[in-house]
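S.K.: For reference, the structure I am asking about is given below.
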Amino acid sequence: MIDQSAYILRVRQEAQQYARELLEDNRRLRFTIVALESENARLRDDLAKLRGEEERQRARGLELAQGLEQAEAESRERTERCFAFEREIASLSNLYVAMQRLHGSRDRDEMLVAIQEIVTTLVGSEEMALFELGADGNLVLVSALGVDAARWATLASGHGIIGGAAASGERWIAGQSPRREAVPGEERLSACIPLEANGRVVGALAVFGLLPQKPALEPADLQVLELLGAQAGCALGRAEPRGAASGASR
Amino acid sequence: MSHETPGARARKKILIVDDSRTALLMETMILRNEPYELVTAGDGQEALEKALAERPDLILMDVMMPRMGGFEACRALRSRAETRDIPIIMCTTRGELDNVELGYESGCADYVVKPINGPELLAKVHDFLPAEEPAR
């Protein structure tokens, strides 16, 4: 009897101890759960903030990419403008040099050399013929470079491309001007520019083949040729034979 | 003809050789704003004389000239101790490969074809004579 009571008392005490321990574990686990939930909430907040930051960085990246694209487009535009300025400066330089040479001397021979040099150095052809209108209305060769002078000694005004340009007063540019009936030898013509003085045609400048490295006449070349058309006729009209020129600048 | 700003400190010197006054005027214009002293000659023979007298740092040489052409002048310059190290840029209307090879065989260092392109000429000149920064 005594053993059974002690046993029962012992079991009861152990059960109570066990229950107390379970309750303690339960209390600790509840604290742990609360702490984990709190940490979970903090991590969710952090994640939301990181996602927000990522979105802002992505937007910033897009802005930078657009800015870079715009800067590249502006850079390309500035480069193209620079090239355009360079071409314009080169063209103006050519015109200045041509004017200096045309009006740098009143000696006729020097002037004819200057015209040849302008065509060779600035335009890019070593084949040219310069004509003046004779008293009979036909064209007379006064200067030739790289072409048969005997072949081009005289040309009837109005005949062929060169004669036609002189008669009409209209320039002819290969590939740009309407086709005209050519006389033999004019197949290699690149341009023919009437020379004018005091409002009338006084001659013509014919440019034949271009230098190998020159595929075609460019706008700057046409400007030089037009200047020759407008100025060379006047200059030649004022020129004096060699030895008679006075005060000519050298 | 020599173009020099009075009072300027010693600058690199370029000798421009061409029988065409138009070409001389054109090349002088292209180089006028560069920090170089310019000297000119009208043919190969004069180029030899001026090269010995002026000791340029660079020579721009035309090919087709009276009295002495560019190739011959180039060979003559290369044969003399005083001038053999001066770089020579040939300026030619003939850009065909065989003419370019002739130029290199005669001793030129580079070439440009005519009509001369200003920026191209400046770039080649700068290759041999880099523009110096002005003293502060």
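Just so it is clear, none of the values below were taken in a lab; they were calculated from the coordinates. Please read all numbers here as calculations on a predicted model, not as lab measurements. Positions of Cβ are generated from backbone atoms using ideal geometry, with glycine treated the same way; all protein chains shown enter the neighbour counts.
S.K.: Which residue out of A:E117, A:E170, A:E127 is crowded, with 21+ Cβ neighbours inside 10 Å, of a type in the set (D, E) and within 29 Å of A:P219 (Cβ to Cβ)?
M.R.: Working: A:E170 fails: crowded, with 21+ Cβ neighbours inside 10 Å; A:E127 fails: crowded, with 21+ Cβ neighbours inside 10 Å.
Just a single option satisfies the conditions, and that option is A:E117.
S.K.: Looking at segment B:41-57, which of its residues are farther than 15 Å from A:E117 by Cβ and either surrounded by fewer than 22 Cβ atoms within 10 Å (Cβ to Cβ) or not aliphatic (A, V, I, L, M) (or both)? Quick ask: steps written out before the conclusion?
M.R.: Going residue by residue through segment B:41-57, those that are farther than 15 Å from A:E117 by Cβ are B:41, B:44-57.
B:G44, B:Q45, B:E46, B:L48, B:E49, B:K50, B:L52, B:A53, B:E54, B:R55, B:P56, B:D57 - these are the residues of segment B:41-57 that are farther than 15 Å from A:E117 by Cβ and either surrounded by fewer than 22 Cβ atoms within 10 Å (Cβ to Cβ) or not aliphatic (A, V, I, L, M) (or both).
S.K.: Still on this structure, I have one more. Residues that are away from chain A (no Cβ under 14 Å): list the helices (runs of 4 or more DSSP H) wholly contained in segment B:1-120 that include at least 2 such residues. Can you show your working first?
M.R.: Numbers: elements: B:21-31, B:44-54, B:70-79, B:97-106.
Helices (runs of 4 or more DSSP H) meeting the threshold: B:44-54, B:70-79, B:97-106.
S.K.: Can I ask one more? Looking at (1) more than 35 Å from the chain's Cα centre (by Cα); (2) away from chain B (no Cβ under 11 Å), which is the one condition that is false for A:T79?
M.R.: Going through the list (1) more than 35 Å from the chain's Cα centre (by Cα); (2) away from chain B (no Cβ under 11 Å), A:T79 breaks only (1).
S.K.: Regarding A:E86, is this residue over 28 Å from A:R188 (Cβ atoms), assigned to a helix (DSSP H, G or I) and touching a Gly at 6+ places or on another chain (Cβ under 8 Å)?
M.R.: Considered against the rule, which asks whether it is over 28 Å from A:R188 (Cβ atoms), assigned to a helix (DSSP H, G or I) and touching a Gly at 6+ places or on another chain (Cβ under 8 Å), A:E86 comes out as yes.
S.K.: Do the conditions hold for A:S91, that is, is it closer than 30 Å to A:G203 by Cα, touching a residue at least 60 places away in the same chain (Cβ under 8 Å) and assigned to a helix (DSSP H, G or I)?
M.R.: Against the criterion (closer than 30 Å to A:G203 by Cα, touching a residue at least 60 places away in the same chain (Cβ under 8 Å) and assigned to a helix (DSSP H, G or I)), A:S91 qualifies.
S.K.: Hey, another quick one. I'm checking my understanding of the structure. Among residues of segment A:103-112 that are crowded, with 20+ Cβ neighbours inside 10 Å and under 14 Å from A:Q231 (Cβ atoms), which one is nearest to the other protein chains (Cβ to nearest Cβ)?
M.R.: This residue is A:S105.
S.K.: If you don't mind, there's one more thing I want to ask. I need a count of the residues in segment A:113-122 that are within 7 Å of chain B (Cβ to nearest Cβ) and of a type outside the set (S, T, N, Q).
M.R.: Here the count works out to 4.
S.K.: In segment B:13-36, which residues are among the acidic types (D, E) and under 12 Å from the mean Cα position of the chain (by Cα)?
M.R.: Within segment B:13-36, B:D18, B:E27 qualify.
S.K.: Kindly indicate the residue of segment A:126-175 that is within 14 Å of chain B (Cβ to nearest Cβ) and assigned to a strand (DSSP E or B) and also nearest to A:E226 (Cα to Cα) among those meeting that condition.
M.R.: If we take residues in segment A:126-175 being within 14 Å of chain B (Cβ to nearest Cβ) and assigned to a strand (DSSP E or B), then A:M128 is nearest to A:E226 (Cα to Cα).
S.K.: For segment A:54-62, indicate whether the set of residues that are surrounded by 10 or more Cβ atoms within 10 Å (Cβ to Cβ) and under 30 Å from B:N117 (Cβ atoms) is non-empty.
M.R.: For segment A:54-62, residues surrounded by 10 or more Cβ atoms within 10 Å (Cβ to Cβ) and under 30 Å from B:N117 (Cβ atoms): absent.
S.K.: Quick one: which residue in A:A191, A:A135, A:A149 is without any contact (Cβ under 8 Å) to a residue 24 or more places away in the chain, of a type in the set (A, V, I, L, M, F, W, C) and under 30 Å from B:D19 (Cα atoms)?
M.R.: On the way: A:A191 fails: without any contact (Cβ under 8 Å) to a residue 24 or more places away in the chain; A:A135 fails: under 30 Å from B:D19 (Cα atoms).
Only one candidate qualifies: A:A149.
S.K.: Just wondering, is there one or more residues in segment A:85-94 that are surrounded by fewer than 19 Cβ atoms within 10 Å (Cβ to Cβ), over 24 Å from A:P212 (Cα atoms) and among the hydroxyl-bearing types (S, T, Y)?
M.R.: no
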